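The values are calculated or read from the model by the stated rules, or taken from the named source; none is laboratory data. Here the structure is a predicted model, which means the values were calculated and not measured. Quick reminder, even Gly has a Cβ in these numbers, built from the backbone with ideal geometry, and neighbours come from all protein chains shown. Areas reflect the complete protein model, heavy atoms only, side chains present, ligands, DNA and RNA absent. Shrake-Rupley method; radii C 1.70, N 1.55, O 1.52, S 1.80 Å.
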Amino acid sequence: MAFTIAIDGPAAAGKGTISRAVAAHFGFAHLDTGLLYRAVGRKMLEGTDPTEAALALVPEDLQTEGLRTADVGIAASRVAVIPEVRAALLDFQRAFARRDGGAVLDGRDIGTVICPEAEAKLFVTASAEVRARRRFEELVAGGAETDYQTVLNDTRERDHRDATRADAPLKPAEDAVMIDTSKMDIDAAVAAAIAAIVSRGATAGEGTA
Ligand code: C5P
């Protein structure tokens, strides 16, 4: 049985936490597609041509340490504007989406480009200030030295690049359920996501992942 849950939205809106909770709830496999772009961005920072890096990417590259840093996030959004990079990552994501047992993919273009036929689509968002505050607290907790204003500027820069690129820009699919987490705690956001997915026909625990 294939059942795809597409969860899109900007950085630090709560997509990752919601996706993991939803995958555990339904027993589905989960792919954080941002990691694919981060792995390519990281290789670009090390001097590899981004398209070659994307063509040569293997699943083990997603386990590399240090993919979640702010610098790698910015590099990821740079390589993500290159159509050849996006094309190279397409088949892997599509195969994952239609795997047996159900799949949750989170990213920017899952419901619009990677899997327009997804059974359930969510668009998770929050104000840039709320997202920057969350990301800032995460970075500081992880030992990074930064300040809120820098993180807010990075967030806006990344939003702008993601929303204005020609190929697969960040935007909600027409049939996506919108969840604004600006004023929600994580439990409320997960509950809203699960309710929306159940209304599209998924049953808890039906996956085999
Ligand atoms: O979600 P995350 O912050 O890890 O994504 C890093 C960058 O990768 C995003 O800013 C975006 O430019 C790119 N990305 C994308 N399409 C996806 C997932 C991520 O373009 N499906």
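A few notes on this one:
- Hits in segment 1-48 (condition: assigned to a helix (DSSP H, G or I), open to solvent by less than 10 Å² (accessible area, probe 1.4 Å) and within 14 Å of the ligand (Cβ to nearest atom)): Ile18, Ser19, Leu36, Ala39, Val40, Gly41
- Pairs linking a residue in segment 136-149 that is in contact (Cβ under 8 Å) with a residue 60 or more places away in the chain to a residue that is among the polar types (S, T, N, Q), with Cβ atoms under 7 Å and 6 or more positions apart or on different chains, are Leu139/Thr146.
- Restricting Arg200, Arg131 to those that are assigned to a helix (DSSP H, G or I) and in contact (Cβ under 8 Å) with a residue 24 or more places away in the chain reduces the list to Arg131.
- When residues in segment 134-147 are screened for being touching a helix residue (DSSP H, G or I) at 6+ places or on another chain (Cβ under 7 Å) and closer than 18 Å to Gly14 by Cα, 3 of them pass.
- Hits in segment 148-204 - residues which are closer than 21 Å to Gly102 by Cα, open to solvent by less than 30 Å² (accessible area, probe 1.4 Å) and modelled with pLDDT under 95: Ala202
- Answer residue from segment 123-147, given it is within 14 Å of the ligand (Cβ to nearest atom) and at pLDDT 95 or above and is surrounded by the fewest Cβ atoms within 10 Å (Cβ to Cβ) among those: Ala128
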